[in-house]
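*Asks:* Sending over a structure as structure tokens; questions will come in a sec.
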Amino acid sequence: MSRTIIVSNRLPTKVQRTEETLTFQPSEGGLATGLGSIYRQEGNVWVGWPGLFVNDTTEEQYVTEQLQADSMAPVFLTEAEIRDFYEGFSNSTLWPTFHYFTQFATYEQSHWEAYVAVNEKFCQAVLALAGPDDTIWVHDYQLLLLPEMLRRTRPEATIGFFLHIPFPSYELIRVLPWCNELLRGMLGADLIGFHTFGYMRHFLSAVSQVLGLAAQNGQIAVAQRAVRVDAFPMGIDYQRYAKAADSEAARQHEALYREVLRDTRVILSIDRLDYTKGIAQRLRAFELLLQRYPEWREQVSLIMLVVPSRDQVAQYAALKEEIDELVGRINAHFRTISWNPIHYFYRSLPLEELASLYRLAEVALVTPMRDGMNLVAKEFVASKADQKGVLILSERAGAARELSDALIINPTDINQLAEAMHDALVMPEEEQTQRMAAMQTLVKRYNVFSWTKLFLNQLTYTKMKQQTLATETLAPAPTSQLIGAYHAAEQRLLLLDYDGTLVPFHPNPQRAQPDQELLLLLRALTDIPQNRVVIISGRDRTTLEKWLGHLPVDFIAEHGVWLRAAGEEWSLFQALRNDWKRELRPVLELYVARTAGSFIEEKEYSLVWHYRRADEELGTVRSRELLNHLSFMTSNTDLQVLEGNKVLEIKNIGINKGTAAARWLSTYSPTFTLALGDDRTDEDTFRAMPPEAYTIRVGSAPHSSARFHVASPTDVRQLLRKLLP
Ligand code: GDG
């Protein structure tokens, strides 16, 4: 039976040391609730740190046993690991960078090394538990390297990854000295999820800019695997918050607060202490509200709950001081004997008290500078059974992408914030209800359970797609079959593409001439009387002839425009025109001017626009534009536009490597056929081959009509050497 293994930095249970014993308390986080129904199922398990430093192996064993009974497997971390991996790399490098606070980011090699080591520790813990058919779902920024580490040992595993914080623009990611490894780490997964489409877009652009891997329809080809990237906005357990707000305990707490507050209206703010939350700006905006609209004095109070967090990190201590000072100043300035402008709590509260605050508040102020999603916004919505209340929400929280019926503000603009508070306080009830009802429908429907289900279903689907579309690796068994069939045959046809197949790519195509090793190999292959070797290339015939013309090989040049049998003259595949070049060349020139690094290659019967040397992303965008432009210009003509590996080629219809290769097949009637190629134009060759032919795609391509694939030209040469006596 296949199982699901959840992996996150923290376990959903917190183990704490009291004087006499250890206590085990479930943590209340959204993730724990959402995945609770999953990891407790038969056989499933959640792997993570229990939040405690153990003293000895006896204690370690005790904790392990206790957690095991509740489907958890602890990874024990040392104090030094928590300092360097958690407080260091995770919270002082990745957290500020991913939230656009690079001024707070540190770049310590020792922190990075600890991060690698701890990810490795998690990897070992997971491998000890996971079987080959299990599904592994890795969570968040502390474990970015884990998917790739797991993949190395388990190439066939089903691995999902979800990032709970924002994924920033490429401009921020590139600052990290380790960005390459981090992106590679994430790409070990089969499905990578983000809260919003925006984060997903940033990720795809970083992968393309840093690693040169382009995405198509949210899919990235990583070697032979198609990695899917998608947005899955996380929800909450709606009923849990609705019920808590409706509970007797919450009502009692509310009544107690009400007694003290009398009829003062309440604006609520709830956050963990963090510089990303915009807490100081929020206080300044509240101050501005009281200055600009004196009528709200003694009428409105701000209840501000700040949950202590990361106080070991310097910026957090400084932020705490700033908040203390601001609250003190504003309260001292505005307070009266009977009215306190800000009620500030620096602690965490039990759920029913939290729920009573959601009940009490007319306005929730959720104004982070950056926030992956922000669940408080959704919890406030779920708590408002009477549908009265207004949510003020930062445009830079992931939740704003869904909750468009909130008052959406820019959190840096304290003028706008003060005005939004005023608007919220005077908003007619009818409008409140309308907005709240719309938000409730959404939060109820896309709750944390549907989020979990959707992600895991997508993961299964992604894996299934990969398996049905994947070409088989040319492993030792099919290799010996191939060699056996080759030796048994009297007439053998070898169709070999040149660039990317026999030689690796060179930024300048004219510099990719054959080396001595290749020339000797081709010579040896053609020396065998049963062999017919055809070089089947998109290159012009002059270059092919110059480089390889002295060998007794046949040629297909310009993707099938020209044919030449060894020792004979070149002939056209069919009568062709090339007078169209005059009209289309200026179009290509325009794109060369607009795309630095791109250039035109002119062949006798085709024109090619190369963009391998252009900026990866710009090249892709321009190639789309050019393709549209050319498709328009060539409609109703006998021309076609072919997409190759970083090239667009215009040529006559009906001409491709496949039709040319088919002619060679019918001329020779071989009893063994081998076709090797690395790009889209070679797919035409593969499709033209009979089913028993050995078709092999070279390089990364998750979808191909070829039967097998190999990784690189080096593998190709190795295979060809095996065909020599
Ligand atoms: C990451 C991302 C993303 C707060 N104070 C108390 C309390 N809370 C609860 C809230 C809410 C949670 O803490 C905070 O929600 P966040 O959305 O900030 O979640 P985090 O896990 O901190 O952050 C964030 C999230 O992951 C999910 O993907 O939304 O953007 O940074 O549930 O209610 N709960 C109790 N007492 C408190 O005093 N009981």
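The values are calculated or read from the model by the stated rules, or taken from the named source; none is laboratory data. Not measured: the values here are computed from a predicted model. Positions of Cβ are generated from backbone atoms using ideal geometry, with glycine treated the same way; all protein chains shown enter the neighbour counts. Surface areas here come from the heavy atoms of the whole protein model, side chains and all, with no ligands, DNA or RNA. Shrake-Rupley method; radii C 1.70, N 1.55, O 1.52, S 1.80 Å.
*Asks:* Lys603: which lysines have alpha carbons under 24 Å from its alpha carbon, excluding same-chain residues fewer than 8 sequence positions away?
*Replies:* Lys546, Lys581, Lys646, Lys651, Lys657
*Asks:* What full-extension length gain, to one decimal in nm, is calculated for Glu156 and His487 as 0.36 nm per residue of separation minus the Cα-Cα distance?
*Replies:* Working: separation 331, 0.36 × 331 = 119.16 nm, distance 3.32 nm.
Computed gain between Glu156 and His487 is 115.8 nm.
*Asks:* Taking the alpha-carbon centroid of each part, what is the distance from segment 194-258 to segment 30-63 in angstrom?
*Replies:* Distance between centres, Cα-based: 23 Å.
*Asks:* Moving to a separate point now. Please list 338-344, 415-421 highest first by mean number of surrounding beta-carbon atoms within 10 Å per residue. Numbers along the way, then the final one.
*Replies:* On the way: 338-344: 17.4, 415-421: 20.6.
For the peptides 338-344, 415-421, the packing ranking is 415-421, 338-344.
*Asks:* Can you tell me which of 316-324, 182-190, 652-660 comes out highest on packing, and rank the rest after it, using the mean Cβ neighbours within 10 Å?
*Replies:* Details: 316-324: 15.1, 182-190: 23.1, 652-660: 20.6.
The densest-packed peptide leads the list: 182-190, 652-660, 316-324.
*Asks:* Using the heavy atoms of the protein chains alone and a 1.4 angstrom probe, what is the accessible area of the chain per residue in square angstrom? If you can, show how the numbers build up before the last one.
*Replies:* Details: 30490 Å² over 725 residues.
For the chain, the per-residue accessible area is 42 Å².
*Asks:* How much net charge surrounds Asp263 when only other residues with a Cβ under 12 Å from its Cβ are counted (Lys, Arg +1; Asp, Glu -1)?
*Replies:* Values: positive: Arg258, Arg262, Arg265; negative: Glu259, Glu298, Glu362.
That works out to 0.
*Asks:* Using Cα atoms only, what is the angle between the long axis of helix 657-668 and the major principal axis of the chain, expressed in degrees (0 to 90) to the nearest 10?
*Replies:* So the helix axis and the longest Cα principal axis differ by about 40 degrees.
*Asks:* About its Cα centre, what dipole magnitude does the chain give when the only charges are +1 on Lys and Arg Cβ and -1 on Asp and Glu Cβ, stated in debye to the nearest 20? Don't skip to the end; give the middle numbers.
*Replies:* Numbers: 74 positive and 89 negative charges, 285 e Å.
Rounded to the nearest 20 debye, it is 1360 debye.
*Asks:* Could you order Ser669, Ser71 so the one with the most accessible surface comes first? Probe is 1.4 Å.
*Replies:* Working: Ser669 75, Ser71 25 Å².
From most exposed to least exposed: Ser669, Ser71.
*Asks:* Pairing the Cα long axis of helix 429-445 with the longest principal axis of the chain, what angle in degrees results, from 0 to 90 and rounded to the nearest 10?
*Replies:* Tilt relative to the chain: about 50 degrees.
*Asks:* Here's another thing I want to ask about it. Rounded to the nearest 5, what % of DSSP beta bridges with both residues in segment 581-652 are antiparallel? Walk me through the numbers before you get to the answer.
*Replies:* On the way: 14 of 14 bridges.
Roughly 100 percent of the beta bridges in segment 581-652 run antiparallel, per DSSP.
*Asks:* Show me the ranking of peptides 567-578, 169-180 by mean Cβ neighbours inside 10 Å, starting with the highest. Before the final figure, lay out each step's value.
*Replies:* Values: 567-578: 12.0, 169-180: 16.1.
For the peptides 567-578, 169-180, the packing ranking is 169-180, 567-578.
*Asks:* Give me the percent of accessible area attributable to carbon and sulfur for the chain, probe 1.4 angstrom.
*Replies:* Numbers: 15280 of 30490 Å².
Of all accessible area on the chain, carbon and sulfur atoms account for 50 percent.
*Asks:* Then there is this: Show which aspartates and glutamates lie in cross-link reach of Lys453 when reach means a straight Cα distance below 15 angstrom and same-chain residues fewer than eight apart are skipped.
*Replies:* Excluding near neighbours in sequence, the set is Asp230, Asp237.
*Asks:* Round to the nearest 10 and report in Å² the accessible area of Lys453, as given by a 1.4 Å probe over the protein chains' heavy atoms.
*Replies:* 140
*Asks:* Would you please classify the overall shape of segment 548-592 from the alpha carbon gyration tensor, given that a ≥ b ≥ c denote the square roots of the eigenvalues, rounded means a/c under 1.5, and beyond that prolate means a/b larger than b/c while oblate covers the rest? It would help to have the intermediate numbers written out before the result.
*Replies:* Working: a/c = 4.37, a/b = 2.20, b/c = 1.99.
Cα axes put segment 548-592 in the prolate bin.
*Asks:* Of Arg282, Arg262, Arg401, which has the most accessible area with a 1.4 Å probe, and how do the rest follow in descending order? Can you show the working numbers first?
*Replies:* Details: Arg282 0, Arg262 135, Arg401 155 Å².
So, going from the largest accessible area down, we get Arg401, Arg262, Arg282.
*Asks:* Where the only charges are on Cβ atoms (+1 Lys, Arg; -1 Asp, Glu), what is the dipole of segment 79-171 about its Cα centre, to the nearest 20 debye? Write out the running numbers ahead of the final one.
*Replies:* Values: 5 positive and 13 negative charges, 30 e Å.
The dipole of segment 79-171 has a size of about 140 debye.
*Asks:* Quick one: angle between helix 448-469 and the longest Cα principal axis of the chain, in degrees between 0 and 90, rounded to 10, please.
*Replies:* Roughly 10 degrees between the two axes.
*Asks:* Here is a follow-up. Once a ≥ b ≥ c are taken as the square roots of the eigenvalues of the Cα gyration tensor of segment 452-592, is the result rounded (a/c under 1.5), prolate (a/b larger than b/c) or oblate (a/b not larger than b/c)?
*Replies:* Numbers: a/c = 2.22, a/b = 1.18, b/c = 1.87.
Since a/c reaches 1.5 but b/c is at least a/b, the shape of segment 452-592 is classed as oblate.
*Asks:* Right, next: Rounded, prolate or oblate: which fits the chain when a ≥ b ≥ c are the square roots of the eigenvalues of the alpha-carbon gyration tensor, with rounded for a/c under 1.5 and prolate only if a/b beats b/c?
*Replies:* On the way: a/c = 2.93, a/b = 2.02, b/c = 1.45.
Since a/c reaches 1.5 and a/b is larger than b/c, the shape of the chain is classed as prolate.
*Asks:* So, one more: Of Leu459, Thr471, Tyr486, whose Cα points farthest to the positive end of the dipole of segment 451-521 (charges on the beta-carbon: +1 Lys, Arg; -1 Asp, Glu; origin at the Cα centre)?
*Replies:* It is Leu459, whose Cα lies furthest towards the positive end.
*Asks:* Next up: Out of all DSSP beta bridges with both ends in the chain, state the antiparallel percent to the nearest 5.
*Replies:* Values: 31 of 100 bridges.
Around 30 percent of the beta bridges assigned by DSSP in the chain are antiparallel ones.
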